[in-house]
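Read-outs: derived from the displayed coordinates by stated rules, not from any lab. Here the structure is a predicted model, which is why all the values come from computation and not from measurement. Positions of Cβ are generated from backbone atoms using ideal geometry, with glycine treated the same way; all protein chains shown enter the neighbour counts.
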Amino acid sequence: MAQAEPEELSLLSEVEGWDPEACRHQLSAALPRLLSLYQATDSGTHHIYVLRILTERFLPHINLSELEKVFFSKILPKAVQLFDLLLYEISDEAKRLTNKNVQLKMTLRNHLQALIHMLEVLTGCVQHICTTQEMVPLEHVYSLPSSVLHVIKNTFIHCKNSESLYAECLHVVSDLLQSLFKGAYSLQKQLMMLLDILSVNSCATEDSITIMASVIHTMLEICSAISSIDHALHANTWKFIIRQSLKHKSLIKDSLKHSDIFSSLCEDILFSFESCLQLAEQMKLSGTQEIIDYKIFQRTIKLCRFFANSLMHYTKEFTSFLVDSCYQLHQTYLQIYRFHSKGLSPENSIKFPPSLHALVISEAHQDEIARGFLMSLDSLLLPLLPFRPFLEVVLSKTLALSPELYFPQCQLLLSIMDVLPSQPHDVQTLWNSGSQFPEEFPRLSLFAALLLSLRQCSSELSLPVFLPGAIETEQSEGPVTFYRYVCIHLCTFITSLSVTHFHLLESSLLETLLGPSMIMAVLAMDVWCFLARYGTEDLCAHHAFIIAYLIKACPAECYQVSLLGVLLRRLLFLMAPDHQLKFTQKFPPKDTENLPLWQHLSLQALIPLHRHQVAHELFVAGLARCQGWLNSEKSLNELPQVNSALSALLSMCQSARETLEVEEQAALVGALGQIAVHLPATQVSSVACFQQMFCFILQLLQLFIERLEPQLLIQILSLQTSLLQLNSPDRVVIAVLDFLSSMGKPFIPPDFQVQFLSKLSCLFGSLLANNGWLIQQHAMESFTQFAEGTSHEEILQKCLNSTEIKSKVVGFLSKTNHMEETPKAKVDRMKEENALFMHFFQEARVDGQRALIGEPSPKRTCYSPSEMQYKSAIDTAERTLDTMKQLLQKGPPPTWLAKKLEALQTTLNSLKNSICWSDQSVLSG
């Protein structure tokens, strides 16, 4: 080589002097010699010099059909090899570079300059082919795309890593690195133009398919390298990937790494969207909107929209290849909905996002994001709706989400629910039917999934958060609560539901109604009532009869009975008159066994004539049951039936009291007074059935408060005083307060005023001094109502028997809020409450599943009773006996008392024997 060097140098010098015509004429003779020289050259600088002569002097004169065979296949492998060698040496030198090593600096800069020259040469090659003004068959440039893309990709990666690679010496080569990036940018731009004019016929060889697939995959790697460097190039590269994938779809669809492309798109969407929200949050927190920041914010929104549209196009064309990507797509949706903040509380203009985990940004920026990006994202749902794998991920029965994704899942399901009615019948059936057979993937129906998801979002449903009204109504457009938003969308969806899916809807609504979440039970009732109004009269009646049978079948102490009762009460208002008549005939109020049912119903739902008849029958049946208990031995076992009668009488009096004759009202008040007088304070304080009876009695007497005799009122106040002294449960105390709130209405004769007002002031004073927040709030409300209605104003000061109580009452009346909760504190509290609620919900769900399969729940740890518990029990017994002594002193006892005392004596002997046996067991142990 050393001997041939002068000759070769002479050839290069001679070729440089040739004009284009001479180069064309000498092509066949000079090209082989120059290619041989090119292959033999080891010097990087000399190699690039020869490469430049080849591309500039001879490439223009080679026939297009011979380019690959005689030129590219000869020069590109060596060029890529040299590029990799130079890049390796540069990286190695950069690690050893210091500010003091001048020689290494020069070597490094020379190597970088060589890379720049190589990029320029390759750009010239690609640019020359682009000027042919015709479609270029891929087989004519087989080795060009992959070789050039290899150079571009590694150049960008080097530039991306330059900050960490060059460290404090970056300034030494920053100018060359900038030129290197621009060179790679220009080369890629030219290559994309070339690839756009490449033609691959429908009978392409395996090599052609492999090359085109490799081009797209390498472009994907380039996207990853430049995403944080140049947004415009990043977007253009993605445009190219989508365009080429669609252009050659029929050939390369089976060779593309669809999951990688899909994954990268999803990652880029999330990255851009997060950047967008962070910019919006910064502008919100700073309170300013710099022009530069705002322009960057707008550009980022456009980038989000571009990625969303790209994802939509790619998904639409390659849906069948995205089976393994459905989980990531679902997670991408949830992450976007998680970050999106579109809700506010009007109170004090404090903004609360619907999701407790969302960023808080200005409403103007929210609107821009919604218009510029989220609408594009929502359109992606349409091509995914018929895709079963996506459906199975979204509606999976085993879907496990972190708490911050509960609310986004709701939003996604609501979005699907909005667009599903416009889909073909088979697609709607797929989403609405759930899994039907064991071999199917276990999934819920859409509405069942939504109700389950909403159950996990009780905080968002309960907070005063708002969403934009998305349904046109006669009312003015404006924000609506999340609860109302869900209810409207769910009811709208029901109107499109096929009748074949109604049984699934009814089952889901019933399960939600009987579930552990109160707000979800209310939502189920609202939707159910809409269903009853939207459907036929027969459907409404059918539902009412089913609910009635369920109520009668449930145990009276089951809390779900009250929820079913509220629903039945509402359905009765929606029933046609003839169906209401059938209902009363099927469940006649005169039969005492139906009193537990009628206690839930309002007679206002019935037409006047029918209402009068039902009220009379309820009055007769309820009063007979009460009087029967009064005239009997007053057995504890009969109390549930008496309470049902009292509850039915209360419901009747609240909704149709005007139908009762004066004599009937007097009879009822007389019976209630007798029960009230005979209620033992100790049992009311400790026995649930007596507590329930006491509450019903007070509520009923309150309705007839102006008819009560002063002596009876004083006796009731005495009973209430005793109950407070016994530390009765909150339900009893609240019933007392409700009754006291109406004490300003009755007229009290002068002879009774001193005794009456004395007891009343003591009660109010004691209750207003209670430190429990629930009792204290009720006490304030009751005292306010009493003060507004009483004519005995002198008692008011006696009730406020301390400065502290006066201060509390004044603060309550002036609506002073002594505890300011910040928005952040409120959100943190709701997060904790939601987590606690979900814990109990999961426990209840597990217990329910155990019950279904007959598996017993784990036994609770059994603790030995404490000495304090024994003391409390014996104190209660002593107080009861003292009460018995006082009663015996006042008058003759009933005939059955002696038998009861004998039974108590037997019980005491048994307890004494148990103590002795226990002591012996301990000693023997």
Nearby lysines by direct alpha-carbon distance to Lys806 (threshold 30 angstrom, same-chain neighbours under 8 apart not counted) = Lys745, Lys759, Lys798, Lys815, Lys826
Cα-based helix-to-principal-axis angle, 560-574 vs the chain, degrees rounded to 10 = 90 degrees
A student applying the Cα gyration tensor rule (rounded when a/c is under 1.5; otherwise prolate if a/b is larger than b/c, oblate if not) would label the stretch 681-838 oblate
Dividing the Cα radius of gyration by the Kirkwood radius, what Rg/Rh value follows for the chain?
-> 1.18
If packing is taken as the mean number of other Cβ atoms within 10 Å per residue, what is the order of 903-911, 271-279, highest first?
-> 271-279, 903-911
In nanometres, the difference between 0.36 nm per residue of separation and the alpha-carbon distance of Leu64 and Arg829 is 268.1 nm
Mean Cβ count within 10 Å, highest first, over the residues of peptides 26-38, 205-217 | 205-217, 26-38
Interchain or long-range residues, amide H under 5 Å from Arg443's placed H = Lys397, Ser435
With unit charges on the beta carbon (Lys/Arg positive, Asp/Glu negative), name the residue among Asn909, Thr131, Ile90 whose Cα is farthest towards the positive pole of the charge dipole of the chain.
-> Asn909
Evaluate E = 1/(1 + (r/R0)^6) for Glu709 and Ala553, where r is the Cβ-Cβ distance and R0 equals 41 Å; express this FRET efficiency to the nearest 0.05.
-> 0.45
Please state the charge dipole magnitude for the chain, taken about the Cα centre, from unit charges on C-beta atoms (+1 on K and R, -1 on D and E), reported in debye and rounded to the nearest 20.
-> 1540 debye
Collect residues whose amide H, placed 1.01 Å from N in the peptide plane, falls under 5 Å from the amide H of Val480; neighbours closer than 5 in sequence don't count.
-> Leu467, Gly469
Phi to ³J(HN,Hα) by Karplus 6.51 cos²θ - 1.76 cosθ + 1.60 over the stretch 498-509, Hz, x for Gly, Pro = 5, 4, 5, 9, 5, 5, 5, 4, 4, 5, 5, 5
In order through the stretch 212-221: 3J(HN,Hα) via Karplus (6.51 cos²θ - 1.76 cosθ + 1.60), integer Hz, x for Gly, Pro = 5, 5, 5, 4, 5, 5, 5, 4, 5, 5
How far apart, in nm, are the 7 Å Cα→Cβ label points at Met518 and Glu14?
-> 10.2 nm
Share of Cα-Cα pairs in the stretch 80-122 beyond 15 Å, whole percent, is 40 percent
Check Leu198: other-chain or 5+ apart residues with amide H under 5 Å from its amide H, H built from backbone geometry?
-> Val136
Angle between the Cα long axis of helix 639-656 and the longest principal axis of the chain, 0 to 90 degrees, nearest 10?
-> 80 degrees
Determine, from the Cβ-Cβ distance of Ala769 and Lys899 and an R0 of 51 Å, the FRET efficiency 1/(1 + (r/R0)^6), rounded to the nearest 0.05.
-> 0.75
Which whole-Hz couplings ³J(HN,Hα) result when phi for each residue of the stretch 100-114 is put into the Karplus expression 6.51 cos²θ - 1.76 cosθ + 1.60, θ = phi - 60°, listed in order with x for Gly and Pro?
-> 8, 8, 5, 4, 5, 4, 5, 4, 4, 5, 5, 5, 5, 5, 5
When we measure straight from the Cα of Lys586, which aspartates and glutamates land under 13 angstrom away, once same-chain ones fewer than 8 places off are left out?
-> Asp578
Helix 170-197 sits off the longest principal axis of the Cα atoms of the chain, rounded to the nearest 10 on a 0 to 90 degree scale, by 90 degrees
With the charge dipole of the chain built from beta-carbon charges (+1 for Lys and Arg, -1 for Asp and Glu) about the Cα centre, the Cα from Gln613, Thr55, Gly811 projecting farthest to the positive end belongs to Gln613
Cα-centre dipole for the stretch 645-730 with unit charges at Cβ (Lys and Arg positive, Asp and Glu negative), debye to 20 = 260 debye
Eligible aspartates and glutamates near Lys900 by straight Cα distance, threshold 17 Å, same-chain separation 8 or greater | Glu633, Glu638, Glu878, Asp882
Give Lys153/Lys247; Lys253/Lys397; Lys153/Lys257 a once-over and call out the pairs whose C-alpha atoms are over 21 Å from each other.
-> Lys153/Lys247; Lys253/Lys397
Sum of -39500 (n - 2.57) over DSSP H runs of 4+, divided by residues of the chain (222 nm, nearest 500) = -23000 deg cm²/dmol
Exceeding the 18 Å Cα-Cα cut-off - candidates Lys552/Lys590; Lys552/Lys634; Lys78/Lys182; Lys182/Lys295; Lys239/Lys316; Lys95/Lys182 = Lys552/Lys634; Lys78/Lys182; Lys182/Lys295; Lys95/Lys182
Distance in nm between pseudo-label sites at Leu911 and Asn727 (7 Å out along the Cβ direction from Cα) | 1.8 nm
Among 572-581, 540-549, how do they line up from the highest to the lowest mean number of other beta-carbon atoms within 10 Å?
-> 540-549, 572-581
